[in-house]
Every structure is written in C-alpha cells, then in structure tokens.
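Undergrad: Pasting a structure here, questions to come.
The values are calculated or read from the model by the stated rules, or taken from the named source; none is laboratory data. Given the structure is predicted, the values throughout are model-derived calculations rather than measurements. Cβ atoms come from the backbone with ideal geometry, glycine included; neighbour counts cover every protein chain shown. Quick note on the areas: whole protein, heavy atoms, side chains included, nothing else; ligands and nucleic acids left out. Shrake-Rupley method; radii C 1.70, N 1.55, O 1.52, S 1.80 Å.
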Amino acid sequence: MKSHKIYESISEFFASINLEIEQDFDFTIHSLDKLHGEDPMTSPYFRTDYVAFLVIESGKGHYTIDENWFELKPFSFYFTLPGHLKSFTIEENWKGYMITFSLEFLRSQYPGSVQHDFPFLLNETVPVMYLDDKTFDRISEMSTSMEKEYNGDSSFKKRIVANQLVTFLFLTKELLLSHKAIISTENRPAEIVKLFQTALNKNLLDIVKGNAIHILNVQEYADELSMHPNYLSNVVKSETGKTVKDWIDERIISEAKSLLNNTNKTIAQIAYGLTFDDTSNFSRFFKKKTGLTPAKYRQS
C-alpha cells in the first residue's frame, strides 16, 4: 500500500493545504466556513493521528475512508478516527463545525475508561449520520458552546472543553445506538489491525488493574492472534502508517498522562504500575516521547 502522510494535529494538516489555523493544545473546534476558501476543493489522501468530528449544517460534498464513500449534505454528522486513509471533497461550501482531538488528550483529561465508555473511538469505521432538525440542533448548540469556551480566556479552558467534549461523546454514543450506524470491516488487513488494537487496549487495562504484570511485545501479540510477528508488523504499518511499537508506546504514554492528571499516585507508583523497573527509566521514556519529565507534565 502506498505510504501517506500522517498529520499529528489539525493545524499541521491545514498548513499542508495552505490554510492556517491556531491550535493551543490537542483539541480544536472551528467553524467550517473558516477552514476553506470560496472555490470547491478536494483534499489529497491522508491519515491523521487525531479524531475529527464534523457537524455540517449546510453545503454539499463527500468523503472517503478506506474503501468507503459517503455523501455529505445538510444535517450530516460524522467522525473519522486515527490511522484510516481518507479524503474529502467540498462541492458547495460547508457551514457548521469541525472538532478535533487526540485520544491522548481525551485519556489525559477523562478519569473514566475511554475504551469502556467510548469504544467507537478506538477502531471502528462509522458512516455519516443524517440527523433530523431537533437532533441536529442539539449537536449544533453543544458545538457552539464548546467553540465559545475554546475561544475564551479562562485559566481552566482545557478542563472545561474536555468536560464538554465528554458530554458530546456520550450524545454521540446515544446516536450510534439509535442509528445503528456501525459498519463491519470487510478486508482482512483492517480486521487484523482492529484485533491488534483491541488486544493492546485490553493489555493496558489489565496492567492498570493489576491483572497483568508486563506489557506484551510484538511476538506475544502475534502469538495471541495466531500469526507471524513480521506479518502482523507489516499489516499494522501498511494499514495505519505506524509500527506496532509506535502503537504500544503511544498507549503507555496516554495511560501515564491519565494517571498523572487524574490520580494522586506518585511518579514511582505510576512507573512501577506501568511495569517499568525503576522511576528513572520511566522518566527517560516519558521525556523522550513528550519533551517533558513526568513531574513537569504534572505541573503543566
């Protein structure tokens, strides 16, 4: 499969198509009419390292994700997930909102279990939902409130928008149940990625709960999925643009950030809880991945 650029932030993606937006942290919300010009446009194929929700009040276009094509029209509501290959076309300018955030941001700000409460964010492909007036208004009003807080100057802005995002996600969960919108994966490579990500999330959850004593490696995931480790590595890299180790390291960092933000555990307790043999190794790993020591991150 041809390699495609992975964008780690929405500002990085829009800069690539000559549109500039500001981004304070790993969450954004912007009006769609500010994110494109007057002429119709088609994006290149790309992958992202963040989740993107679109709330489309008016306009016309479509988007593709993996092998799926979906029409976009007034009162469309959809989201795309990290790693999937996608593109979009704007035929008539959209009005509405785009909300983006990293799973790391959500895990670090939300004290609950993302895997349990919002499983639709982890590995599923979900088609666009076409909402009725009343339901769309509810989604739009919530988006407007988030945009107001995001553009405000509260010293608690990150926490406020994170709490609003959680409410938004529970509403999305409710809509998915009523729309029965989840579609199945039809190709084997994508199914392998889904199985790997599910196993990875389970392993990290078992680690945190004390039900496992070490983080699985590539060989162990391959054994669990009954395949050769090289095949697993090649499929994951080809389908997502990231290696198995990249996925493992990112989940460890996400869990560490969540524990630093949402618990009173010491850094040593967090390090040992995540199976590091000593605090210094954990601190070096954390700083290499984030640019900050655990102590500095907790203070930020």
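Undergrad: Given the conditions (1) open to solvent by 20 Å² or more (accessible area, probe 1.4 Å); (2) under 23 Å from Arg138 (Cα atoms); (3) hydrophobic (A, V, I, L, M, F, W, C), report the number of the one that Val51 does not fulfil.
TA: All conditions pass for Val51, except number (1).
Undergrad: Looking for something under 23 Å from Tyr7 (Cβ atoms), within 19 Å of the chain's Cα centre (by Cα), free of Cβ contacts under 8 Å to residues at least 40 places away in the same chain and not in a loop (DSSP other than H, G, I, E, B) - is there at least one such residue anywhere in segment 283-296? Walk me through how you get there before you give the answer.
TA: Keep residues of segment 283-296 that are under 23 Å from Tyr7 (Cβ atoms), which gives 288-292.
After this cut, where a residue has to be within 19 Å of the chain's Cα centre (by Cα) as well, the list is 289-290.
Those left that are additionally free of Cβ contacts under 8 Å to residues at least 40 places away in the same chain: 290.
From what's left, not in a loop (DSSP other than H, G, I, E, B): 290.
Yes, segment 283-296 has at least one match.
Undergrad: Ok, one more. Checking the condition more than 30 Å from Asn262 (Cβ to Cβ) and open to solvent by less than 40 Å² (accessible area, probe 1.4 Å), which residue from Ser102, Ser87 passes? Quick ask: steps written out before the conclusion?
TA: Working: Ser102 fails: more than 30 Å from Asn262 (Cβ to Cβ).
Just one listed residue meets the conditions, Ser87.
Undergrad: Where residues in segment 276-290 are over 14 Å from Glu250 (Cα atoms) and out of contact with any helix residue (DSSP H, G or I) (no Cβ under 8 Å at 6 or more places or on another chain), which of them is least open to solvent (accessible area, probe 1.4 Å)? Full working, then the answer.
TA: Looking only at segment 276-290, we keep the residues that are over 14 Å from Glu250 (Cα atoms), and these are 276-281, 283-284.
Restricting the remaining residues to those that are out of contact with any helix residue (DSSP H, G or I) (no Cβ under 8 Å at 6 or more places or on another chain) gives 277, 280, 284.
Working: Asp277: 110, Ser280: 56, Arg284: 144 Å².
The extreme case among them is Ser280.
Undergrad: Sticking with this one: Out of Asp153, Asp137, report the one residue that is open to solvent by 40 Å² or more (accessible area, probe 1.4 Å) and either part of a loop (DSSP other than H, G, I, E, B) or of a type in the set (Val, Ile, Thr) (or both).
TA: Values: Asp137 fails: either part of a loop (DSSP other than H, G, I, E, B) or of a type in the set (Val, Ile, Thr) (or both).
Selected residue: Asp153, the only one of Asp153, Asp137 that is open to solvent by 40 Å² or more (accessible area, probe 1.4 Å) and either part of a loop (DSSP other than H, G, I, E, B) or of a type in the set (Val, Ile, Thr) (or both).
Undergrad: Give me the pairs: first residue in segment 252-269 and without any contact (Cβ under 8 Å) to a residue 12 or more places away in the chain and on the phi < 0 side of the Ramachandran plot, second residue surrounded by fewer than 17 Cβ atoms within 10 Å (Cβ to Cβ) and in a helix (DSSP H, G or I), beta-carbon distance under 7 Å, and six or more apart or on different chains, which are they?
TA: Filtered contacts from segment 252-269: Ala268/Thr279.
Undergrad: Between Gly61, Gly112, which is among the small types (Gly, Ala, Ser) and farther than 19 Å from Phe13 by Cβ?
TA: Testing whether each residue is among the small types (Gly, Ala, Ser) and farther than 19 Å from Phe13 by Cβ leaves just Gly112.
Undergrad: Considering only residues that are more than 19 Å from Asp246 (Cβ to Cβ) and either surrounded by 14 or more Cβ atoms within 10 Å (Cβ to Cβ) or modelled with pLDDT of 85 or more (or both), which ones fall in segment 215-226?
TA: Taking segment 215-226 and keeping what is more than 19 Å from Asp246 (Cβ to Cβ), we get 223, 226.
Result: Asp223, single match.
Undergrad: Restricting to segment 54-85, give me the number of residues that are out of contact with any His (no Cβ under 9 Å at 6 or more places or on another chain) and hydrophobic (A, V, I, L, M, F, W, C).
TA: Here the count works out to 7.
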